[in-house]
Each structure stands twice: as C-alpha cells, then as structure tokens.
Amino acid sequence: MPPGGIAEQPVSPPIWLTSDYLYEGLEHYADVINERRPGFVYGRYGNPTHVALHRVLASLDAAEAAWSFASGMAALNTGLTSLLRSGDHLLAQRTLYGGTFALLTKVFPGYGIDVSFVPAEAEEVAAAIRPNTRAVLVETLANPTFRVSDVAGIGKVCAQRDVALVVDNTIPTPYLFRPLELPGVTLVAHATTKYIGGHSDLIGGSVTGSRELMDRIRHLAIDQGTTAGAFEAWLALRGVQTLALRMSRQCATALELARTLAGHSKVAEVGYAGLPAHPDHERAASLFHGDRYGAMLAFTLRGGFEAGLRACDALQVARVGSSFGSLRSQVCHPATTSHRQLSAEERTAAGIGDGLIRVAVGGEDPADLIEDFLQALEKA
Ligand SMILES: *Cc1c(COP(=O)(O)O)cnc(C)c1O
C-alpha cells in the first residue's frame, strides 16, 4: 500500500525525491541495510521509483533483472567492469558510439584492461578471441553507419568459448529486438537518454540480465556511484510508456525517407537496413520484429562533404542536432562531431566516410519531413 494509508493506486507512479529514510529504531535500520528485511536505505542504492522503472525495463528486455544508471556511459562502464579485471581482454566492435570508443581506448587501458576492435561478424570475433578474452561488446545497429551486427552468430561463438557478450541495443530498442532471447547474450545495455526516454529531457542508462549478474552489477553501481537520479528514473518511466507508439511511427517514416533518398539523383548511398538492396537487409529482417528497421539512417551525397553540409543547413523541419531518440528529427555530420574522437584512419576502418550524414527520424508529419529533405537536396 502507498504511504499515508491511501488505498488507491496512483496511475502515474510518484517520484521519491528523498536521499535517505527514517526507521522505527536501530534494529529496523540494521535489518534493512543488511538485506534481512526489504526496504530502502539511501538514494544511491535505489528507491521505489527505481524499482518501478527496473520492473518495466526487465520486462521489455525479457530479463530477470534491471538496473538504471545516471547515463548510458555509466551503464556501459558498470556493466563492462562487472565482467572485466586487470589483465583481461575486451573485444569490441569497430564501429561504436563515440563515447564508448573513448571509454574503451582512453580509460580502460589505464586499469590494465586490454581492448581490441573487430568487425561485428561471427568469424572475425571467433578468430580474435584470446585466452584472456572475458567479454565481447557489440552495438546491434552501429552508429552512425547503421550496419547490423551479427548478434546471433556472435552469441553462438561467445556461448561456445565461454565469453560474456554485452549488446548495446540503444538504437533498435526492445521494440525491434530483444538480444537476451538469443543464446550467448549476457547483458543488454541501453542509453535510456535516447528512445526509452524519448523526449530529449533526460540522461540515463540501463543494464539488464540474469538475476545473479544483476546483483553484482547493483552492488557495483552502488560502489561506483553510477545509479540514476530519482527524477531521471521517473522521466524514463514516463517516456517508456509511449515507446511502441513512437517507434512504430518513427520507423515507418524512416523507411519512407530512406526510399525517397535512395531514389534521388543526388544521393550516392543510403545506410538503412530496411531497404531490400541493403547488404544487411536479411539479417535485420531475421533479428527485428514486425518488419521494422529502426528510426535512424545515414546517407552520402554524390557531391560529398560540401554538398552534405549545404543540405543539412537548408533543412527546416529536421534540424542540425547533437543527439537522437526524441520526437524531433535531427541530422548531424559524424566525422566532425559525434565521432571526432576517432582518427581519420579509425573512421575509415569504421566505415564513417567524410561525407556521411546521420539522420534521426522524429515524430513529425511524414509528408512534411520528406518534403523538407527534398527541398534541402535541391540546395545541395
Ligand atoms: C548515447 C549512447 C550512449 C551513451 O549514452 P549517454 O546517456 O549519452 O551516456 C551509448 N551507446 C549508444 C549506442 C548511444 O547512442
């Protein structure tokens, strides 16, 4: 029963904006903090708002348990360090979110964690596993190329070789894909900042997995101080209610835009696995539910970098923006912004051409958005 003797359940869960709690006495407090009795002790250990969010996140990911974090990076940091020790090797996909690439190349080596990069294909992963490889990290849909990783094949390799597999599923979301349903997948991470929150109003992350591993991750999140704030947990809980509605609309518009761009004379290449001609189309169709392929795509104009910049600046419905995942359509130029941490050689190896434009499709009227791209391409 909610506090204050109110029998009616609120439709919208309350936000528990309290950092700490009062107890009946010393014994009560000792029982709760020693986990002999259920209860709450301190904000960093989670509160009832977190519990409500964790139930939803676990259910969406078909996981036994979930934990929410102060950011997607906090989720990846705690999730990965729950599996890795000094002297271990982490094998990661070459095309990664820029912040993750920075964590793996700038921070982990200082703690004695060796990191190497491979394309997200089963054979390449199998060949690169070393005796000290403890974990493999992939993003289902690589940002910003939107190639589809071989999560099923890599899962089989990881299961055979007894290596943990962490899947960053931020871009497909559980609406399209639930990696934990595949053999060999150990943990799923999301930046809830993006589609789960869905409104560009919070920074947050999540990790889901088995109860046993999530217990370890919960304790590590407490020790590392990476747990989500209560208000952000509440915003994620509020936003996630419309995940399916938003994704359904945004994926449908993205497919329409991808088709329009692919048929345009000024466009050299479109990165969107929903197009039947895309090299990953069949893989995407086998992994993703409901003939949907995500709300993000990339394109390159025949006129290259300069033409791409002119087109982006001419957009009026979509805007140049730094992130994605909300109802607002945003475009960006990864080589000079989100993926600036990579050297030119690293970008080439990751397939991020200098002329590549990333599009995050929002919830605007599809006809307005497509018309906007067509008028911008005229000016490119
Ligand atoms: C945004 C993002 C992250 C990091 O999330 P933050 O909330 O910005 O820390 C990690 N992975 C992917 C795929 C992302 O898009």
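The values are calculated or read from the model by the stated rules, or taken from the named source; none is laboratory data. This one's a predicted model, so the numbers in the text were calculated from it and none came from an experiment. Counting neighbours? That spans all protein chains shown, and the Cβs are built from the backbone with ideal geometry, glycine included. What goes into the accessible areas is simple: the full protein's heavy atoms, side chains included, and nothing from ligands, DNA or RNA. Shrake-Rupley method; radii C 1.70, N 1.55, O 1.52, S 1.80 Å.
Relative to the longest principal Cα axis of the chain, at what angle does helix 48-60 sit, 0 to 90 degrees, rounded to 10?
Helix 48-60 and the main axis of the chain meet at about 50 degrees.
Setting aside same-chain residues fewer than 8 positions from LYS379, which lysines have a Cα under 29 Å from its Cα?
Those lysines meeting the cut-off are LYS266.
Going by amide H atoms built from the backbone, whose H comes under 5 Å of the H on SER68, apart from near neighbours?
Under 5 Å from the amide H of SER68 lie the amide H atoms of ALA228, each far enough along the sequence or on another chain.
What per residue convex hull volume, in Å³, do the alpha-carbon atoms of the chain yield?
On the way: hull volume 53.3 nm³, N = 380.
Each residue corresponds to 140 Å³ of Cα convex hull volume.
Compute the angle between helix 243-262 and the longest alpha-carbon principal axis of the chain, please, reported from 0 to 90 degrees and rounded to the nearest 10.
Helix 243-262 sits roughly 20 degrees off the main axis of the chain.
Could you please state how large a percent of the accessible area of the chain is carbon and sulfur, counting protein chains only and using a 1.4 Å probe?
Numbers: 8750 of 16740 Å².
The value for the chain is 52 percent carbon and sulfur by accessible area.
Dimensions of region 26-240 along principal axes (Cα, Å, largest first)?
The Cα atoms of region 26-240 stretch 56, 37, 31 Å along the principal axes, largest first.
Set Lys and Arg Cβ to +1 and Asp and Glu Cβ to -1, take the dipole of the chain about its Cα centre, and tell me which of SER116, GLY225, LEU297 lies farthest positive.
The one lying farthest along the dipole's positive direction is SER116.
Would you kindly work out the equivalent ellipsoid of region 243-378 from its C-alpha gyration tensor and give its semi-axes, the square roots of five times the eigenvalues, largest first in whole Å? Write out the running numbers ahead of the final one.
On the way: eigenvalues 92, 67, 44 Å².
Sorted largest first and rounded, they come to 21, 18, 15 Å.
For region 87-152 and region 154-179, compute the distance between their C-alpha centroids and round to whole Å.
If we compute the Cα centre of each part, the gap is 12 Å.
For region 7-115, what is the largest minus smallest coordinate of the Cα atoms on each principal axis, given in angstrom and ordered from greatest to least?
Largest to smallest, the principal-axis extents are 53, 34, 24 Å.
Which order do SER286, SER19 take when ranked by solvent-accessible area (1.4 Å probe, heavy atoms of all protein chains), largest first? List each step's numbers first, then the result.
Working: SER286 90, SER19 65 Å².
Largest accessible area first, the list is SER286, SER19.
Which ³J(HN,Hα) values, rounded to whole Hz and listed in residue order, are derived for region 20-28 from phi using the Karplus coefficients 6.51, -1.76 and 1.60 in 6.51 cos²θ - 1.76 cosθ + 1.60 with θ = phi - 60°, glycine and proline given as x?
Per residue, the Karplus-derived 3J(HN,Hα) values read 8, 9, 10, 10, 5, x, 4, 5, 4 Hz.
Any idea what the dipole of the chain comes to, in debye rounded to 20, about its Cα centre with Lys/Arg Cβ at +1 and Asp/Glu Cβ at -1? Working shown, then result.
Values: 32 positive and 39 negative charges, 56 e Å.
The dipole magnitude comes to about 260 debye.
Please compute, over every Cα-Cα pair in region 193-298, the percentage with a separation greater than 22 angstrom. Show your work: numbers first, answer last.
Working: 2841 of 5565 pairs.
Cα-Cα pairs in region 193-298 separated by more than 22 Å: 51 percent.
About its Cα centre, how strong a charge dipole does region 243-378 have in debye, to the nearest 20, once Lys and Arg get +1 and Asp and Glu get -1 at the Cβ? It would help to have the intermediate numbers written out before the result.
Numbers: 13 positive and 16 negative charges, 50 e Å.
Charge dipole of region 243-378: 240 debye, to the nearest 20.
For VAL320, list long-range residues whose amide hydrogen, built 1.01 Å from N in the peptide plane, is under 5 Å from its own amide hydrogen.
Under 5 Å from the amide H of VAL320 lie the amide H atoms of VAL331, each far enough along the sequence or on another chain.
Can you run phi through the Karplus equation (6.51, -1.76, 1.60; θ = phi - 60°) for region 371-380 and list ³J(HN,Hα) in whole Hz, with x for Gly and Pro?
4, 4, 5, 5, 5, 5, 5, 4, 8, 6
Rounding to the nearest 10 and keeping the result within 0 to 90°, find how far the Cα-based axis of helix 304-314 lies from the longest principal axis of the chain.
Tilt relative to the chain: about 70 degrees.
Starting from the amide H of LEU165, placed 1.01 Å from N in the peptide plane, find each other amide H under 5 Å away whose residue is 5 or more places distant or on another chain.
VAL136, THR186, LEU187
Provide the per-residue ³J(HN,Hα) series for region 227-241, in order, calculated from phi with Karplus coefficients 6.51, -1.76, 1.60 and θ = phi - 60°, each as a whole number of Hz, with x at glycine and proline positions.
Result, ordered by residue: 4, 5, x, 5, 5, 5, 4, 5, 4, 5, 5, 5, x, 5, 4 Hz.
Specify which residue in the list GLY39, HIS278, THR208 is farthest towards the positive end of the charge dipole of the chain, using unit charges on the beta carbon of Lys, Arg (+1) and Asp, Glu (-1), about the Cα centre.
Value: HIS278.
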